[in-house]
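First comes the structure, then the notes that go with it.
The values are calculated or read from the model by the stated rules, or taken from the named source; none is laboratory data. Computed from a predicted structure; not experimentally measured. Ideal geometry is used to build each Cβ from the backbone, glycine not excepted, and the neighbour counts take in all protein chains shown.
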Amino acid sequence: MKFLLIPILFMTLVLNAGAIGVDKDRLQDPEQEARAQHLMKQLRCLVCQNQSIVESDAELAQDLRAIVREQISAGKTDAEIFKFMTVRYGDWVLLKPPFNSATAILWLGPIALLLIGGFLIFRTIRQKPEQDVTRPLTAAEENHLKKIMKDNNG
């Protein structure tokens, strides 16, 4: 009986995997629905943050999907829909934010950190080791060392 539990568990997990992002109110025109799906894959769920609104089952994502479908039904272009969303929610709603002064650090930050890290590694490797500045022992120091060694050995 126990050997049946694991397959049943996997089957229930597989059945639940298809339930994400399914909407009841899809557009009647398959071409418009395909366009809506394409646009929704480019919009971020503001609750989940790293998922598109197609992948998310959050209530806000459902609302955003409904807004995209309304905009498409109203005859808006892709650019108009993205502008509507960014005006309402900011550039954060886009999975690929545009390059502008507000998002420049997002685009240039990793490159700058990579260059700084590379420079520091290069400088560390190229740095000359410190010179060995040892001097010979004086006669008094040599006698003192011999005395210590003699006391330890004998």
Under the condition of being in contact with a Cys (Cβ under 9 Å, 6 or more places away or on another chain) and either modelled with pLDDT under 65 or in a helix (DSSP H, G or I) (or both), which residue from region 3-62 is surrounded by the fewest Cβ atoms within 10 Å (Cβ to Cβ)?
LEU60
Mind listing whichever residues of region 80-116 are farther than 20 Å from LYS41 by Cβ, at pLDDT 90 or above and more than 19 Å from the chain's Cα centre (by Cα)?
VAL87, LEU115, ILE116
